[in-house]
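Just so it is clear, none of the values below were taken in a lab; they were calculated from the coordinates. Please read all numbers here as calculations on a predicted model, not as lab measurements. Reconstructed Cβ throughout: ideal geometry from the backbone, glycine too, with neighbour counts over all protein chains shown.
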Amino acid sequence: MSTAGQVIKCKAAVAWEPGKPLTIEDVEVAPPKAREVRIKVVATGVCRTDWEHLYEREKGMRFRPFPLVLGHEAAGVVESIGPGVTAFSPGDQVIPLFLPQCQECDRCQSLKTNHCRKNWANTQAGVMADGTSRISCQDQQVFQFLGVSSFSQYTVVPDSSLTKIRSDAPLDKVCLLGCGVSTGYGAALKTGKVEKDSTCAVFGLGAVGLAAVMGCKAAGARRIIGIDINPAKFEKAVTLGATDCVNPTDHKKPIQEVVLEMTQGGVDFALECHGSPSVMTAALESTADAWGLCVIAGWNETETMSVKVEKILMGRTLKGTYFGGWKSVQDVPNLVDEYMANKLQLDEFITHKLPLNQINKAFDLLSSGNSIRTVISLW
């Protein structure tokens, strides 16, 4: 493209400091360096992790430096490539990935994990492999959230944190596969390996939880109990496969006791998709002893979960999942194919569509519980 090798001036939503609304700024995005790709971001989902880092970072999120551009669930088009990049060409449709897959390290070679650590420390700190960001504003460096920063019209990512997808996929839909839907869907299918005719409970019916419900249904679960304190989420949960919906505030007993009574002893699989340590404990204790499996998908970096040893000794299994267990570069294109074949739902998760200059409204909708996913159009 004509902009290759040049600094691109564009719009981005910048977080200047914690607890303050984002502001739309003119930013400069530098050309990609070695093994980097600059992409034109077409659409991005607004994930709760973005909101939490800005407004609740002292609760469950580690500190990351400001100013920064948030956003990590997106889809776009390759604008230009840096030296050494062989897997991408300008014009390719792509999804950036906060979890890399270098396909060379011992973790990428293993079938046991998807936890590649290529450039991990740097992207977690908001910079590229050389220790600097590619985004600047008002003559100062702006850090890149999780190595992505999709609340910018252009961004630069490592080539190991990017996957090419089919050219006919609608970017304003498949962007959701960059985080929330993939995480919940994989928590059920990939990490939990939910079984046919099993009973399941999903704690938290945001985008991750609803995707977990969808995954349980795809696995052939016989009963899927959706649990949330916001009953407005129940209709969507039923649409995606829930057979029962429970509001914990409607009961005097702890929710795990309610689930134990509903299932005469506990569910086979519990999927925690909220991120609260107390909910994690409840999810584990809602499973049947001897074989119950609890998967933690809700994000929390700093707090401690309380587990009674007996709950594990009696045969329960507690597992965590990151990005649903998917090998990001190789598996996300397959998920796109599933959506295009009507085997995986995405449209049902999108409750709002807004332009970039209304990004703070998207945060308000999310924090108030009035949205599942808002998709932001960058253009």
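Descriptive notes on the structure:
- Prolate/oblate/rounded call for segment 196-272, Cα gyration tensor, a/c under 1.5 rounded: oblate
- Reach of Lys343 by Cα under 17 Å, taken over aspartates and glutamates that are not fewer than 8 positions away in the same chain: Asp168, Asp331
- Computed log10 I(q)/I(0) for the chain at 0.07 Å⁻¹: -0.30, from the Debye equation with unit scatterers placed on every C-alpha and solvent omitted.
- With Cα atoms defining each centre, segment 188-267 and segment 23-74 are spaced 31 Å apart in the structure.
- Short to long, the 10 Å bins of the Cα pair-distance histogram for segment 141-185 hold 20, 53, 24, 2 percent of all pairs.
- Relative contact order computed over segment 183-323 (Cα-Cα under 8 Å; 6+ residues apart), in percent: 24 percent
- Cα-based reach from Lys118 at 21 Å (exclusive), listing lysines while leaving out same-chain residues under 8 positions away: Lys33, Lys164, Lys327
- Rounded to whole Å, the principal axis extents of the Cα atoms in segment 31-99 read 41, 23, 20, largest first.
- Once both labels are positioned 7 Å from their Cα atoms along Cα-to-Cβ, the gap between Lys20 and Lys353 label points is 3.3 nm.
- For Asp268, net neighbour charge (Lys/Arg +1, Asp/Glu -1) across residues whose Cβ lies under 12 Å away: +2
- More than 25 Å apart - percent of Cα-Cα pairs taken over segment 183-323: 14 percent
- Proximal lysines to Lys308, defined as alpha-carbon separation beneath 28 angstrom and excluding residues fewer than eight positions away on the same chain: Lys59, Lys112, Lys190, Lys193, Lys252, Lys253, Lys319
- Each listed q (0.11, 0.13, 0.16, 0.22 Å⁻¹) maps to a log10 I(q)/I(0) for segment 261-379 from the Debye sum over equal C-alpha point scatterers, namely -0.56, -0.76, -1.00, -1.17.
- Dimensionless Rg over Rh [segment 81-199; C-alpha; Kirkwood]: 1.01
- A DSSP coil position with no more than 15 other Cβ atoms inside 10 Å describes the following trypsin sites (Lys or Arg not before Pro) in segment 5-114: Arg62, Lys112.
- Using the rule -39500 (n - 2.57) for each DSSP H run of four or more residues, divided by the residues of the chain, the 222 nm mean residue ellipticity is -6500 deg cm²/dmol.
- Cα-projected label distance for Arg62 with Ile312, points at 7 Å along beta-carbon direction, nm: 2.2 nm
- By the compact-protein rule of thumb, 2.2 N^0.38 Å, the alpha-carbon radius of gyration of segment 160-220 corresponds to a ratio of 1.25.
- Cα point-scatterer Debye curve for segment 1-144, base-10 log of I(q)/I(0) at q = 0.10, 0.12, 0.18 Å⁻¹: -0.37, -0.53, -1.21
- With 0.36 nm allotted per residue and the present C-alpha distance subtracted, the Asn247-Ser167 stretch has 24.6 nm of extension available.
- Over the chain, Cα pairs under 8 Å with separation of 6+ residues give a relative contact order of 18 percent.
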